[in-house]
Amino acid sequence: MPAHVAESDSTPDPTSTTGTTDPLGHERAHLAASRAALRGMREDVQALDIRDVTANWVNAAVLQSQIDDRIKALADLSHTPLFFGRLDYLHAVGGELAEGADGERFYIGRRHVHDAAGDPMVIDWRAPVSQPYYQASRTNPQDVGLRRRFGYTGGELTAYEDEHLTDPAEAEHTSRLLQAEIERPRVGPMRDIVATIQPEQDEIVRSGLGGTVCVQGGPGTGKTAVGLHRVAYLLYAHRERLARTGTLVIGPNRSFLHYIEQVLPALGELEVKQATVDDLVRTGVEVRGEDEAATAVVKGDARMAEVLRRAIRSHVTAPVEPVVVVRGSRRWRVPAYEIQEMVDELLARDMRYGAAHEALPQRIAHAVLVRMEEAGEAPDDRVQNAVARNPAVKAAVKAIWPAVDPAKVVLRLLSDAEFLAAHAGGLLSEEEQKRLLWAKPARSVKSAKWSAADAVLIDEAGDLVARTHSLGHVVLDEAQDLSPMQYRAVGRRCSTGSATVLGDLAQGTTPWSTESWGEALFHLGKADAVVEELTAGFRVPREVIAYASRLLPAISPGLAAVESVRESPGSLAVREVPGGAAELDAAVVAACEESLHNEGSIGLIAADARIPALGAALTAAGHAYLSPGEETTAESRLTLVPASLAKGLEYDYVVLDEPGAVVDGEPDERTGLRRLYVALTRAVSGLTVLHAAPLPEVLVQA
């Protein structure tokens, strides 16, 4: 939208000149006009009459569904700023300017908005013309003369702040509005970071669809938000392709998915599905059992893929007699050795078991057709299909290459020691095989008490039988916690697409968590992925992240500590509580009450075993509390969080109960210290650590 570029101060001063005596009023007027234009866009869609443009009710239903989605995407969220920035270019964008004319001005927001004439009033943050908002600097202004940031309170535009990128007289300064937005209290689910994306984050967000990107990011570096914004960007840049192939966000648990579920809708993206790895693989069996850690490690090992492949292929047997097909008065004979050649060829091609099962009758039928042609007949494809369905052919295929139920194969492996030994020999030790075998074998697939790891094995077996559908793009968050077999399960869902892999090796809290991204990406089937590292922290205060980083040498040697850009003196308090459990409970309740005097969300994080006692103490003190995943409000801001569910969540103020109990609640010390590292890094504004027992030595020694 062409406009005159005017000078303004670098502070939110309403007396500055921007071509008007009231610049703040001018910007508010543009906001009101933009909201009116958005309402007009929505009303135009609502007014569409499709009765005369669809051929049948099916087309009408599809078109109406698309219209309904468009109406939802055009909803104006009253407390979400429609635009958050402005770019004043020095020259025309993509065109020539008349001599003496000024450049162009663009308002940058969460979605595109145009007026009745089709002229843009707000530019989508994902558009190429918006990129300098995140990337331009004094050393590389990218033809931007002025970058303006806007400040909002409750959806109302209340301030602005300018940077003159080409003015050498203006001193470089940290944006107060940007800092305020980063530090804004967290009430409710996770929100987008579209107004605060940093240059290194923007480069990851805008990387292409063709390649997989792995983001190693410590606490507070924004890796989850970067992954979600990358999905939004890819849907903008490749909408038609991804509309066909689909997108998916995979998180560690339901609480986490509930926490992030509003980010993409706030950006106008409604079609992205969300799931956990367990959701992906629990399609055929009910998970009712639980493995010991050592057993789950074996079941999650990549060697199990070869065990399953051998077990499934073992169902193929050599033909022992010829196939004789009777058609009318003629008998056509295919000898056993020729059928064996067909079987060998299918095995050598390493086709999926089910595809080969479907191909074998066609191969036999083709051999019969060759004999018919040699005898002077002229059969066509219909004859070949009829021969493939002949009872003699069907009986031979059933004997040679029978249909296989993936769950039954896994059931037999876990129940039959001889069957397991036959296919795990040379891969798994005798001790590992013993760990896999059920003490009391189940009678059937339905009666078996399947574990989560078993469901992954069944999913692998299912893919060996029939190809798993691949999506266009998958985002995998908290990826460090997956086993090799889980990586394979996710990799199958994007085998022909790409992925964004997000995680922090220091936060791996499962016995099978990965030790390197190279290993993880290999199992995912994306060994050529680009690994990016985010080391600048924007969420966790410097004091808090420095305290938590004392654990890094013990939990992830060699991993760089996060350098927080936020200084917040007094954000950390570590208090020893004299006495026993009763005194500690009382001190924890008092710390929560103290935190509730502040604005924002409060998270009380404790070892899982401590949750019932702390819940009772809060209730006795008259404090209602939420569970992880429940949405906080201004009236209900305290969440009681088991340490096992804290990953990926964030709260303005965190009270951490008994760090030693968090460590002791895990099967080994390293996993326990990693769990503690997660708990220590959930705070945005302040962390209070309370303990009656001694702190872990690594914290004290450091």
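The values are calculated or read from the model by the stated rules, or taken from the named source; none is laboratory data. These numbers come from a predicted model, not from an experiment. We place every Cβ from the backbone using ideal geometry, glycine too, and count neighbours over all the protein chains shown. Side chains are part of the model used for accessible areas, which takes the heavy atoms of the whole protein and leaves out ligands, DNA and RNA. Shrake-Rupley method; radii C 1.70, N 1.55, O 1.52, S 1.80 Å.
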> In Å, what Rg and Dmax follow from the Cα atoms of the range 472-581?
Replying inline: 17.5, 59
> Restricting attention to the alpha-carbon atoms of the range 268-423, what are Rg (one decimal) and Dmax (integer), both in Å?
Replying inline: 21.2, 68
> Ranked by accessible surface with a 1.4 Å probe, highest first, in what order do ARG493, ARG309 come?
Replying inline: ARG309, ARG493
>> For TRP401, what accessible surface area do you get with a 1.4 Å probe? Give it in Å², rounded to 10.
In response: 10
> How big is the range 412-501 in terms of Cα radius of gyration and Dmax, in angstroms?
Replying inline: 15.5, 42
> For the pair SER447 and GLU635, how long in nm is the line joining their label points, each one 7 Å along Cα→Cβ?
Replying inline: 5.2
>> I'd like the accessible area for HIS623, computed on protein heavy atoms only with a 1.4 Å probe and all protein chains in place. Round to 10 Å², please.
In response: 40
>> Could you report the accessible area of GLU563 in Å², rounded to 10, computed with a 1.4 Å probe on the protein chains as they sit in the structure?
In response: 130
> What is the helix-to-structure angle for 57-73, meaning the angle in degrees between its Cα long axis and the longest Cα principal axis of the chain, kept from 0 to 90 and rounded to the nearest 10?
Replying inline: 30
>> If I take all pairs of Cα atoms in the chain, what percentage of them are more than 50 Å from each other?
In response: 28
> By how many degrees, between 0 and 90 and to the nearest 10, does the Cα long axis of helix 669-680 differ from the longest principal axis of the chain?
Replying inline: 40
> Near LYS526, within a Cβ-to-Cβ distance under 13 Å, what is the net charge of the other residues, with Lys and Arg +1 and Asp and Glu -1?
Replying inline: +1
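Mean residue ellipticity at 222 nm from the helices of the chain, using -39,500 (n - 2.57) per DSSP H segment of n ≥ 4 over the full residue count, to the nearest 500 deg cm²/dmol? Don't jump to the answer; show the numbers that get you there.
Working: 29 runs with 284 residues, N = 702.
The per-residue figure over the chain is -12000 deg cm²/dmol.
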>> At 1.4 Å probe size, put ARG149, ARG176 in order of accessible surface, largest to smallest.
In response: ARG176, ARG149
> In Å and whole numbers, how far do the C-alpha atoms of the range 26-179 stretch along each principal axis, longest first?
Replying inline: 66, 39, 25
> For the range 364-418, what D do you get in µm² per second when you plug the Kirkwood radius from alpha-carbon pairs into Stokes-Einstein at 20 °C and 1.002 mPa s?
Replying inline: 157
> Which number do you get for Rg(Cα) / (2.2 N^0.38 Å) in the range 359-518?
Replying inline: 1.47
>> Could you tell me how many cubic angstrom of Cα convex hull volume the range 219-303 has per residue?
In response: 168
>> At a threshold of 8 angstrom on Cα-Cα distance, excluding pairs fewer than six apart, so keeping six or more, what relative contact order does the range 362-464 reach in percent?
In response: 25
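At a 10 angstrom cut-off on C-beta neighbours, averaged per residue, how do the peptides 251-262, 211-222 rank from highest to lowest?
Ranking, from highest mean packing down: 211-222, 251-262.
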>> Students sometimes get this wrong: rank PHE522, PHE419 by accessible area, probe 1.4 Å, all chains present, largest first.
In response: PHE522, PHE419
>> Tell me the relative contact order for the chain as a rounded percent, counting alpha carbon contacts under 8 Å between residues six or more apart.
In response: 13
> Under the definition of Cα pairs under 8 Å and six or more residues apart, what whole-number percent is the relative contact order of the range 493-565?
Replying inline: 31
> Nearest 10 degrees, 0 to 90: what angle lies between the long axis of helix 611-620 and the longest principal axis of the chain (Cα atoms)?
Replying inline: 40
>> So if I take the centroid of the Cα atoms in the range 277-300 and the same for the range 324-397, what is the distance between those two points in Å?
In response: 40
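Give me the compactness ratio for the range 602-702, meaning the Cα radius of gyration over 2.2 N^0.38 Å.
Normalised Cα radius of gyration, the range 602-702: 1.04.
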